[in-house]
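A short worksheet on the structure shown next.
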Amino acid sequence: MVFHDDRLERTSNGVGRLLEKDFDALCRLDVGAWFSPEFAGEKLPSWCAVLDLLIDLGLGVNIEIKASDDRAEITAEKALAEALSRWPNDRSPPLVTSFSRLAVAAAHRLAPHWPRGWVTDSWDADWREVCGTLACDSLHVQVTELSETRVAAAKRSGLAVLGYVVDDPEVAHQLWGWGVDSVFSDRPERLLA
């Protein structure tokens with residue numbers, strides 16, 4: 001299933017941890033009503049359905065594997081097995097990312113030809129070593145942790161730099177001026193304007 005949170009309460013009519021529910025129970029959840037009445041009845045999408053839709057629409061994807069370290073490898077293995085079996089060879093490969101170093105390592109093992117990125121909330125002193133060990137192509141950093149000097153250092157190391165979460169156009173322009181390659185936004189329409 002494709003779901004952002006560990007728990008169901010915030011964005012569905014479910015209760016409890018996602019991992020504690022079976023597939024059929026998850027398929028019955030309403031994941032739209034919390035957002036707006038016009039989305040009531042929207043169902044939780046399966047990973048296969050999302051992959052099929054992305055392929056049908058000709059879109060790329062950043063596959064962010066969200067899992068605690070005790071589930072990181074199995075989550076990466078399951079998600080990537082499905083993605084590898086479905087993703088067309090003639091398309092640009094997905095970017096596989098995670099906060100979990102174990103998940104990124106699993107992605108390197110399972111899909112070595114797909115680009116990888118490490119996601120981090122903080123600018124860790126060992127970022128070069130981590131990204132080198134995991135054979136990362138990109139470093140995804142919380143925007144408050146970025147500076148022109150840090151972006152330049154990462155770029156010199158051959159990494160693309162992506163910042164999250166950026167909803168303010170002025171902040172986005174500053175980041176792009178520093179050489180940030182891309183930003184994640186909850187309000188992309190603001191940035192497009």
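The numbers here are math on the coordinates, done by the rules we state, and not lab data. Everything numeric here is computed off the predicted structure, so don't read it as measured data. Neighbour counts run over all protein chains shown; Cβ positions are idealised from the backbone, glycine included.
Model label sites at VAL2 and ARG187, defined 7 Å from Cα along the beta-carbon direction, differ in position by 2.4 nm. For the chain, the Cys residues with no second cysteine's beta carbon closer than 4.7 Å are CYS27, CYS48.
Arranged from fewest to most other beta-carbon atoms within 10 Å of their beta carbon, SER147, SER100 become SER147, SER100.
Normalised Debye scattering of segment 1-45 at q = 0.18, 0.23, 0.25, 0.32 Å⁻¹ gives log10 I(q)/I(0) of -0.44, -0.71, -0.84, -1.29, counting only Cα atoms as equal scatterers and leaving out solvent.
With no solvent and one point on each alpha carbon, what is the Debye value of log10 I(q)/I(0) for the chain at q = 0.12, 0.18, 0.20 Å⁻¹? Computed log10 I(q)/I(0) values: -0.68, -1.36, -1.45.
Give the distance, in whole Å, between the Cα centre of segment 1-64 and the Cα centre of segment 95-144. The distance from the Cα centre of segment 1-64 to that of segment 95-144 comes to 25 Å. Note on VAL61 and ARG17: their simple-model spin labels are 2.5 nm apart, each label 7 Å out from Cα toward Cβ.
Among the GluC sites (Glu not before Pro) in segment 124-193, none sits in a DSSP loop with a Cβ that has at most 15 other Cβ atoms within 10 Å.
For segment 79-149, the equivalent ellipsoid built from the Cα gyration tensor has semi-axes of 25, 12, 10 Å, listed from largest to smallest.
With contacts taken as Cα pairs under 8 Å at a separation of at least 6 residues, the chain carries a relative contact order of 11 percent.
Per residue, the convex hull spanned by the alpha carbons of segment 154-193 comes to 53 Å³.
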